[in-house]
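K.L.:
Encoded as C-alpha cells, here's the structure I'll be asking about.
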Amino acid sequence: MSGPSRRRRVGLLGGTFDPPHLGHLVVAECALVELGLDEVRLLVAGEPWMKTAVSHVSAAEDRVALVRAAVADSPGLVCDTREVGRPGPTYTADTLADLRAEEPDADLFFVLGEDAAAALPDWERIGDAFALATFVVVTRPGNDPPDETLLPGPIVHLEIPQLYVSSTDLRERFARGGATRWLVPPSVDAEVRRRGLYGAPAGQ
Ligand code: ATP
C-alpha cells in the first residue's frame with residue numbers, strides 16, 4: 001500500500017518497562033514489521049495501578065531514560081511519555097481516546113503479551129478501548145491466549161520468537177550481579193548501572 005491516501009498505522013506497546021528488555025524490543029519489532037506498522041510507541045506507564053499495589057516501581061524518570069536508551073538504535077520504535085505526567089491511575093481507554101483525537105486518520109494497534117491480555121476483561125472501559133484500536137496479542141512463554149468469549153471484540157494473534165525474559169527476572173539479576181548483557185541492550189545495561197537502579201553494581 002502506498003500513496004497519499006494510505007492511513008498511518010501506529011502500534012502501541014504499553015508497559016512499566018522496569019527495566020525495558022529484549023522481550024519488549026522483539027515484541028515491538030515483530031509488530032512493526034509483521035503488521036506493516038509505521039511506528040511502534042513504547043508507552044511508559046506513569047502509575048501502573050495494577051502493579052503499584054503489590055510492588056515497588058522505579059521512578060518514571062528513570063524508566064523513561066531506560067526506554068529512550070532501549071529504542072535509540074531502532075528506527076520505527078519510539079518512547080512515548082504521555083502517560084507519565086498524568087496524575088492518578090492510567091487507563092488505556094483514555095490514552096487511546098487522546099491518540100485518536102490527535103491523529104484521527106491513523107489506525108491504532110494496541111499490542112500486548114498473553115500474560116497482560118489475560119487481564120483484559122477487567123480493564124476499565126474495555127469496550128471503548130476495543131472500539132478505538134485493534135488489539136494484538138503476542139505469544140509469551142508460559143501463558144495461554146486469552147478467553148475471547150470474555151472480550152468485546154476480536155483480537156489479532158501474533159506469534160513471535162519465545163523469550164523467557166522479564167523485568168522481574170532482570171531486576172533480580174541486576175541486584176545480585178548476575179548476567180544481564182544481551183538480555184537488555186548494552187545501552188540499557190549501562191544506563192541502569194549509571195543510575196544505580198535495582199542495586200546493580202556500577203560497572204560490569
Ligand atoms: P514484570 O516482570 O515486572 O511483570 P514484564 O517483563 O512483564 O514486567 P512489562 O513492562 O510489564 O514487562 O510488559 C509490557 C508488555 O510487554 C506486556 O504486554 C507484556 O506482556 C509484554 N512482554 C514483556 N516481556 C515479554 C516477552 N518476553 N514476550 C512477550 N511479551 C512480553
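The values are calculated or read from the model by the stated rules, or taken from the named source; none is laboratory data. In this text the structure is predicted, and so the values were computed from the model without any measurement. So basically every Cβ, Gly included, is an ideal-geometry build from the backbone, and we count neighbours across all protein chains shown.
K.L.:
Every residue in region 172-186 that is under 17 Å from residue 68 (Cα atoms) and buried (at least 16 other Cβ atoms within 10 Å of the Cβ), please.
P.N.:
183, 184, 185 - these are the residues of region 172-186 that are under 17 Å from residue 68 (Cα atoms) and buried (at least 16 other Cβ atoms within 10 Å of the Cβ).
K.L.:
Restricting attention to region 187-204, which residues are surrounded by 15 or more Cβ atoms within 10 Å (Cβ to Cβ) and farther than 22 Å from residue 77 by Cβ?
P.N.:
Selection gives 193, 198, 200.
K.L.:
Has region 155-171 got any residue that is among the β-branched types (Val, Ile, Thr), buried (at least 16 other Cβ atoms within 10 Å of the Cβ) and more than 19 Å from residue 22 (Cβ to Cβ)?
P.N.:
Yes, there is a match, as at least one residue in region 155-171 is among the β-branched types (Val, Ile, Thr), buried (at least 16 other Cβ atoms within 10 Å of the Cβ) and more than 19 Å from residue 22 (Cβ to Cβ).
K.L.:
For residues that are in contact (Cβ under 8 Å) with a residue 24 or more places away in the chain and assigned to a helix (DSSP H, G or I), scanning just region 122-131, find the one that is surrounded by the fewest Cβ atoms within 10 Å (Cβ to Cβ).
P.N.:
Per the criteria, the residue is 127.
K.L.:
Let me ask something else. I need every pair where a residue in region 132-145 that is assigned to a loop (DSSP other than H, G, I, E, B) has its Cβ under 6 Å from the Cβ of a residue that is modelled with pLDDT under 95, sequence separation at least 6 or different chains.
P.N.:
none
K.L.:
Looking only at region 140-174, how many residues end up being touching a Gly at 6+ places or on another chain (Cβ under 8 Å) and of a type in the set (A, V, I, L, M)?
P.N.:
2
K.L.:
Identify, please: which residue in region 99-116 is of a type in the set (Asp, Glu) and within 16 Å of residue 9 (Cα to Cα) and is, among those, farthest from the ligand (Cβ to nearest atom)?
P.N.:
Among residues in region 99-116 that are of a type in the set (Asp, Glu) and within 16 Å of residue 9 (Cα to Cα), the one farthest from the ligand (Cβ to nearest atom) is 105.
K.L.:
So which residues in region 146-163 are outside any loop (DSSP other than H, G, I, E, B) and within 11 Å of the ligand (Cβ to nearest atom)?
P.N.:
Within region 146-163, just 158 meets the criteria.
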